[in-house]
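Accompanying notes for the structure given below.
The values are calculated or read from the model by the stated rules, or taken from the named source; none is laboratory data. Bear in mind the structure is a predicted one, so any value in this text is a computation, not a measurement. For neighbour counting, all protein chains shown are included, and Cβ atoms are generated from backbone atoms with ideal geometry for every residue, glycine included.
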Amino acid sequence: MSPIYALVVGAVVLTLMTVSLARVSKVKTKADYLVAGRSLPAFVLVFTLLSSWIGSGSLLAGAEAAYRHGFVALWLAGGGWAGLLLIYFIAPRARRFAQFTIPDLLEARYSQLARVLGVIAILFAYTAITSYQFIGGGDILHLIFPTVITATLGKYILAFFVIVFTAVAGMESVAYMDVFIGILATVTLIAALPMLIHVAGGWGAVHHALPATHFEVLGDLTFVQVLELAVPTLLLMLGNQSMYQKFFSAKSERDARVAVVGWVIGTVILETVIVALAVTGSALYQKGEIAQRPREILAYSALHGLPAWLGALVMGAIFAKVVSTANNYLFSPATNLVNDIFVRYIAPEASNKRVLIVSRLMVVFLGIFALYQALGTGSVLRAALYAYTVYSAALTPVILAAFYSRRATAWGAVSAIAAGTAVTVFWNWDQGLLSRYLPAGIVSMDAIFPALGAAVLCLFVVSAATKPPSPEHLAKFHGDAA
């Protein structure tokens with residue numbers, strides 16, 4: 001193992017520490033910690049949105065799907081792309097609302113109960129997402145230091161690192177670290193693709209080494225299986241609290257809208273490059289240890305297929321991306337516990353100093369919980385789809401209804417959040433019990449369609465059966481009182 005890998009990862013860690021500590025002095029109030037004082041320009045927003053979205057979900061779960069099935073894995077990313085096109089129209093409305101969290105939105109549009117249930121759904125989803133970032137970071141550290149750091153020890157190290165960084169300066173720290181991470185990842189991953197294709201003997205050799213289905217639209221999956229990849233990411237993107245929190249942090253509605261354009265371009269390019277790298281890696285390394293742990297294909301290809309200097313930069317970029325996503329998805333539910341529970345119900349008159357202390361303690365608590373989940377997780381792809389589905393089914397329908405439906409009611413939202421969360425958790429918890437009452441074909445499906453169907457049905461039926469909100473109440477969300 002060349003020492004350059006350790007040097008690059010060390011340099012990445014040092015840079016992140018420098019950026020993070022440089023922002024600490026700017027954190028004086030709750031708004032500074034939670035939404036960076038609503039001061040982020042479009043340029044910073046682009047990279048923090050890009051870095052928070054492309055983490056282990058793409059670098060591990062997406063790469064694992066590409067290794068096994070080929071370019072059909074782009075459906076996992078493609079759901080997010082479709083969501084991004086719709087977000088272009090949602091972003092200014094979100095910035096106009098200018099709160100701190102999604103549960104703020106749920107209470108303002110629906111009720112306090114909707115807020116509390118929203119917090120529960122977010123905690124389930126976001127700690128799961130954070131947990132597999134710890135897995136990804138642990139894998140990378142093990143690959144770089146195979147005789148010193150086991151994959152399990154790597155999870156502990158990554159968790160400690162992320163918890164400390166996230167707790168230090170909040171959104172201010174996360175957003176500006178993401179600028180460095182976004183630039184590093186974009187440049188190195190794009191540079192690595194033609195080099196790895198060359199090592200594989202050219203694109204023709206890659207195509208020849210793999211099944212034809214690896215290059216087909218549906219590949220070796222059915223249409224329903226493809227939708228099970230795309231729909232959760234589409235709905236997660238549309239309802240993603242971390243994303244809305246960034247929009248709440250924007251300097252203006254214009255900055256929010258401009259940032260989405262850059263985010264769309266960067267996401268499409270990077271996720272396509274990631275899948276192409278994984279497919280090329282699968283042509284090079286079809287057997288051996290990587291066949292048992294395909295989620296590591298990008299890091300493994302960087303380590304064994306690229307020149308040491310470029311491989312080290314790619315490993316550093318992947319590590320930084322994992323750290324960034326873990327920061328974002330750990331920070332977001334901590335914000336919920338502080339803003340939506342502590343400040344809202346326990347200590348509404350708490351000083352800024354007390355809120356900051358509690359915020360940092362919540363980061364530590366949730367980081368430990370995410371680490372506990374990481375230690376018991378097998379497939380990153382399965383964990384990712386579970387997390388996406390909890391959030392997608394429970395929250396996305398009611399979030400979109402808040403901005404685009406005048407008829408959705410508080411009880412409709414409450415029933416939808418409860419149904420989406422309950423169906424997802426139960427569907428993944430006890431398949432044996434489900435098989436007693438449902439056909440095998442339905443039980444084998446991913447939870448997204450049953451959970452989403454239950455949530456949307458409850459939203460429509462219960463809203464239709466209850467009193468609609470007043471025009472005055474809707475004015476904040478729709479721009480008028482008509």
Mind checking which residues of the range 435-482 are at pLDDT 75 or above and part of a loop (DSSP other than H, G, I, E, B)?
-> Ala447, Thr466, Lys467, Pro468, Pro469, Ser470
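Looking for whichever is of a type in the set (Asp, Glu) and touching a residue at least 24 places away in the same chain (Cβ under 8 Å) here; the options are Glu296, Glu289, Glu349. Which one fits?
One residue alone meets the criteria, Glu296.
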Of the residues in the range 83-94, those that are modelled with pLDDT of 70 or more and more than 15 Å from Leu50 (Cα to Cα) number 2
Being within 22 Å of Ser324 (Cβ to Cβ) and of a type in the set (Val, Ile, Thr) is the filter here, so list the residues in the range 346-370 that pass it.
-> Val363, Val364, Ile368
Across the range 285-299, what is the total count of residues that are surrounded by fewer than 24 Cβ atoms within 10 Å (Cβ to Cβ) and within 17 Å of Pro146 (Cβ to Cβ)?
-> 6
Just for helices (runs of 4 or more DSSP H) wholly inside the range 301-394: which have at least 3 residues that are closer than 30 Å to Ala200 by Cα?
-> 308-335, 380-394
Lone qualifier among Leu16, Leu34 - being part of a helix (DSSP H, G or I) and at pLDDT below 70 | Leu34
Cβ-Cβ under 8 Å pairs, at least 6 apart or on other chains, the range 110-129 side of a type in the set (Phe, Trp, Tyr), far side not in a helix (DSSP H, G or I) = Tyr110/Ala408; Tyr110/Thr409
